[in-house]
Amino acid sequence: IDFDLILENVKDLNVLAGEGIPQIEHTPRGARLRQPEPLPLTLYQNGVVMFNGPFRPYEDPSAQQSLRDIMDGYFPSELQMRYPDGI
């Protein structure tokens, strides 16, 4: 696993997702600006945790797929179910 590549690509993906750029949230009385909520990703020596989910060792196929997506420069495909309209 190329951790340097993962960190570099996560920075690039954060920019694409609008990191630091407030979004308009419509409210019953109008609208307000809010910061997008971060998607926690914690890399360990022997595995990964995304969101506050379970620890997944690097041998786990779902962890391998998510990290492969990131190393290829894409958002993890497992996020499609949680964010069907995109991040």
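The values are calculated or read from the model by the stated rules, or taken from the named source; none is laboratory data. Small disclaimer: the values here were computed from a predicted structure and weren't measured. Here Cβ is always computed from backbone atoms with ideal geometry, including for glycine, and neighbour counts include all displayed protein chains. What goes into the accessible areas is simple: the full protein's heavy atoms, side chains included, and nothing from ligands, DNA or RNA. Shrake-Rupley method; radii C 1.70, N 1.55, O 1.52, S 1.80 Å.
Key figures for this structure:
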quantity: For the chain, projected area of the alpha-carbon convex hull averaged over all directions, nm²; calculated: 6.4
quantity: Principal-axis tilt of helix 61-71 within the chain, Cα atoms, nearest 10 degrees; calculated: 70
quantity: Gain upon complete extension [Ile6, Gln35; 0.36 nm per residue less C-alpha separation]; calculated: 8.1 nm
quantity: Nearest-20 debye value, the chain charge dipole, Cβ charges on Lys, Arg, Asp, Glu; calculated: 500
quantity: Solvent-accessible area per residue, Å², over the chain with all protein chains present [probe radius 1.4 Å]; calculated: 76
quantity: The chain - mean residue ellipticity at 222 nm from DSSP helices (-39,500 (n - 2.57) per run, n ≥ 4, rounded to 500); calculated: -9500 deg cm²/dmol
quantity: Accessible surface of the chain, 1.4 Å probe, proportion on carbon and sulfur as whole %; calculated: 53
quantity: Length-normalised contact order for the chain - Cα pairs under 8 Å, 6+ apart - percent; calculated: 22
quantity: The chain: trypsin sites (Lys or Arg not before Pro) in DSSP loop, at most 12 other beta carbons within 10 Å; calculated: Arg29
